[in-house]
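Below: one structure, written as structure tokens.
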Amino acid sequence: MAWLYLILAGLFEMGWPLGFKLANLCPRYLFLFLALSAVSMGVSGWLLYVAQRTIPMGTAYMIWTGIGGVGTVVLGIVFFHDAVTFWRMFFLSLVFVGIVGLKMVH
């Protein structure tokens, strides 16, 4: 169950930069998107806390930030037309390999 909490924490970790981006793009809904960002931060942090009850702290933190980072880059590419270059994808894949590797050795 802890791994499910950790994955959910990583997904919520993507919510706050997404909220910041949307707040920047739609200033009319600035406070709504900032509030959603704050809620996402809180939920993400709480789920990480719960996951760390059984998953080692370093492993949990690296996977949490990795899911959030990789997911945020993918969101940027898919929805905001962020650049897709060889080197960007190469280094992103290294982060992904690190996440999978940490899970495999735990």
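Okay, here's what the table says:
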{"read-out": "Region 24-70 - Rg and Dmax from Cα coordinates, angstrom", "value": "13.9, 42"}
{"read-out": "Å² of accessible area per residue within the chain, as computed with a 1.4 Å probe and no ligands counted", "value": "64"}
{"read-out": "Kirkwood-type radius of the chain, with distances r between different C-alpha atoms, in Å", "value": "14.5"}
{"read-out": "Residues Val39 and Val74, FRET efficiency given R0 of 22 Å [Cβ-Cβ distance, rounded to 0.05]", "value": "0.55"}
{"read-out": "Span-like helix ranges in the chain, DSSP H, alpha carbon extent 27 angstrom or more, Kyte mean at least 0.0", "value": "30-51, 57-80, 86-105"}
{"read-out": "Protein accessible area in the chain, 1.4 Å probe - carbon and sulfur %", "value": "77"}
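The values are calculated or read from the model by the stated rules, or taken from the named source; none is laboratory data. Please read all numbers here as calculations on a predicted model, not as lab measurements. Methodologically, a virtual Cβ is constructed for each residue, glycine included, from the backbone with ideal geometry; neighbour enumeration extends over all protein chains shown. For the accessible areas, the whole protein counts, side chains as well, though only heavy atoms, and no ligand, DNA or RNA atoms are used. Shrake-Rupley method; radii C 1.70, N 1.55, O 1.52, S 1.80 Å.
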